[in-house]
Amino acid sequence: MKENTPYKLTQQDGKIVHIFTELGMPKNLAKTLTYISQVDECRSVEVEQGANLRQPEVSVAMQELKKKGWIDKRDLKKEGKGRPIYIYKLTLPLDNIIGSFEKEKLQEIEAVKRDITELKILLGDR
């Protein structure tokens, strides 16, 4: 359930992260994605605390999620100087993101099948 209060990854979220990592997603990326999917929007510090990650781990994961087009980042306007604060949220429903991830994995499987077939053909020529 989406909320705007501090969120901590649950045991069920841990199972989701485990499945993502078993499918080849880096653990920090899986934890970050899972966290963001449970809130309407968040700051990276909230992901750090809620997903039990360090700042550099969240930063790298956010960059990768942004590159994939799965999250959006906006500036939070604040007074005075200091580091900018960004707010992150999913750009797609999690089901769509899982569909995209599935498509990527199926393409990898097809590439492996092609490579094995080619290897069998080449070894059959000996």
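The values are calculated or read from the model by the stated rules, or taken from the named source; none is laboratory data. Predicted, not measured: the structure shown is a model, and the values here were computed from it. Note: ideal-geometry Cβ built from the backbone for every residue, glycine included; neighbour counts use all protein chains shown.
Quick look at the numbers
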item	result
Cβ pairs under 6 Å, 6+ apart, first in the range 95-112 and surrounded by fewer than 11 Cβ atoms within 10 Å (Cβ to Cβ), second among the acidic types (Asp, Glu) and at pLDDT 95 or above	none
The lone exception for Ile36 - which of (1) surrounded by fewer than 19 Cβ atoms within 10 Å (Cβ to Cβ); (2) among the aliphatic types (A, V, I, L, M); (3) free of Cβ contacts under 8 Å to residues at least 60 places away in the same chain; (4) within 22 Å of Phe101 (Cβ to Cβ) it fails	(1)
Those residues of the range 113-126 which are surrounded by 10 or more Cβ atoms within 10 Å (Cβ to Cβ) and aliphatic (A, V, I, L, M), in sequence order	Ile116, Leu119
Some residue of the range 70-92 being in a helix (DSSP H, G or I) and within 14 Å of the chain's Cα centre (by Cα)	no
Test: residue in the range 60-80 that is of a type in the set (Gly, Ala, Ser) and surrounded by 14 or more Cβ atoms within 10 Å (Cβ to Cβ)	yes
